[in-house]
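Note sheet for the following structure.
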Amino acid sequence: EAAVTQSPRSKVAVTGGKVTLSCHQTNNHDYMYWYRQDTGHGLRLIHYSYVADSTEKGDIPDGYKASRPSQENFSLILELASLSQTAVYFCASRQGANERLFFGHGTKLSVL
Amino acid sequence: GDSVTQTEGPVTVSESESLIINCTYSATSIAYPNLFWYVRYPGEGLQLLLKVITAGQKGSSRGFEATYNKETTSFHLQKASVQESDSAVYYCALGAITGNTGKLIFGLGTTLQVQP
């Protein structure tokens, strides 16, 4: 079973601070994704990557940067955290574009 | 645009009762959409429950079933007899069969509470 590990599991950040969410997968999957979930919304795609050293914008990239330094690692960076970025963030990976997604447990981010 | 609409929760049912969670989709930019149900149990990440890639086909897993109906653009999730362990959040999702993105479009999620 593919394993996707997110860290931290929860975080409290201050407005204007920098936040880095990390994701690590151990199954050599090509594709990695960052989604966020808020009350009243389904999971929405922030950034994704299908190869190391390259990232792509998803549907709601504003205010976020992503980094894929290796096939296994995919980070989401909030340079200037804002209240509106309070949400649960999910990382996911998959081997091919139409294969099943494997999700991490999620990171609950609270920006105060 | 592309979207997914599903039953608004929470849905509360008693153990051994039947369940249906409605899901309808709009796939205006996806020629051959795949349809999925994902489930998130308490304290865990989302995991695939079932997937159907061909219209008219039915998927099943863990006693759950869903039929891909292209005419009504629906993919309702059903179970004849729920168990307390089925309590979770269920997400209907729509995806493209080709392309580099491999993006899934998710519904809001439906929280299911099964009472003993």
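The values are calculated or read from the model by the stated rules, or taken from the named source; none is laboratory data. Because the structure is a prediction, the values reported are computed rather than measured. Positions of Cβ are backbone-derived with ideal geometry, glycine not excepted, and every protein chain shown enters the neighbour counts.
Table for the structure above
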{"quantity": "Restricting the stretch A:27-37 to residues that are more than 10 Å from chain B (Cβ to nearest Cβ) and over 13 Å from A:Cys91 (Cα atoms), the residue that is modelled with the lowest pLDDT", "calculated": "A:Asn27"}
{"quantity": "Subset of the stretch B:1-21 (residues that are closer than 13 Å to B:Tyr91 by Cβ and in contact with a His (Cβ under 8 Å, 6 or more places away or on another chain))", "calculated": "B:Ile21"}
{"quantity": "Residue count, the stretch B:1-29 (criterion: exposed (fewer than 15 other Cβ atoms within 10 Å of the Cβ), assigned to a strand (DSSP E or B) and within 14 Å of another protein chain (Cβ to nearest Cβ))", "calculated": "1"}
{"quantity": "Hits in the stretch B:27-39 (condition: within 15 Å of the chain's Cα centre (by Cα) and either of a type in the set (A, V, I, L, M, F, W, C) or at pLDDT below 95 (or both))", "calculated": "B:Pro33, B:Asn34, B:Leu35, B:Phe36, B:Trp37, B:Val39"}
{"quantity": "Selected residue (only one of A:Gln95, A:Gln85 is polar (S, T, N, Q) and within 21 Å of A:Thr5 (Cβ to Cβ))", "calculated": "A:Gln95"}
{"quantity": "Residues of the stretch A:79-88 classified as among the small types (Gly, Ala, Ser) and either crowded, with 24+ Cβ neighbours inside 10 Å or not in a loop (DSSP other than H, G, I, E, B) (or both), total", "calculated": "2"}
{"quantity": "Flag for A:His41 being crowded, with 21+ Cβ neighbours inside 10 Å and free of Cβ contacts under 8 Å to residues at least 40 places away in the same chain", "calculated": "no"}
{"quantity": "Residue list for the stretch B:42-58, restricted to those being within 14 Å of the chain's Cα centre (by Cα), within 20 Å of B:Leu108 (Cβ to Cβ) and not basic (Lys, Arg)", "calculated": "B:Leu46, B:Gln47, B:Leu48, B:Leu49, B:Leu50"}
{"quantity": "Among (1) away from every other protein chain (no Cβ under 13 Å); (2) more than 26 Å from A:Arg36 (Cβ to Cβ); (3) assigned to a loop (DSSP other than H, G, I, E, B), the one test that B:Tyr32 misses", "calculated": "(1)"}
{"quantity": "Every residue from the stretch B:39-58 that is within 14 Å of another protein chain (Cβ to nearest Cβ) and in contact (Cβ under 8 Å) with a residue 12 or more places away in the chain", "calculated": "B:Val39, B:Arg40, B:Tyr41, B:Pro42, B:Leu46, B:Leu48, B:Leu49, B:Leu50, B:Lys51, B:Val52, B:Ile53, B:Thr54"}
{"quantity": "Residue list for the stretch B:89-104, filter: at pLDDT 90 or above and buried (at least 21 other Cβ atoms within 10 Å of the Cβ)", "calculated": "B:Tyr90, B:Tyr91, B:Cys92, B:Ala93, B:Leu94"}
{"quantity": "The one condition in (1) surrounded by 17 or more Cβ atoms within 10 Å (Cβ to Cβ); (2) out of contact with any Cys (no Cβ under 8 Å at 6 or more places or on another chain); (3) more than 9 Å from chain B (Cβ to nearest Cβ) that A:Asp62 fails to fulfil", "calculated": "(1)"}
{"quantity": "Filtered residues of the stretch A:71-88 (kept if polar (S, T, N, Q) and either over 24 Å from A:Thr26 (Cα atoms) or within 14 Å of chain B (Cβ to nearest Cβ) (or both))", "calculated": "A:Ser82, A:Ser84, A:Gln85, A:Thr86"}
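So that you can scan it fast, the table gives a plain yes or no per residue for (1) assigned to a strand (DSSP E or B); (2) within 8 Å of another protein chain (Cβ to nearest Cβ); (3) of a type in the set (Val, Ile, Thr); (4) in contact with an Asp or Glu (Cβ under 9 Å, 6 or more places away or on another chain):
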| residue | (1), (2), (3), (4) |
| --- | --- |
| A:Gly40 | no, yes, no, no |
| A:Tyr50 | yes, yes, no, yes |
| A:Ala66 | yes, no, no, yes |
| A:Pro69 | no, no, no, yes |
| A:Phe90 | yes, yes, no, no |
| A:Lys108 | yes, no, no, no |
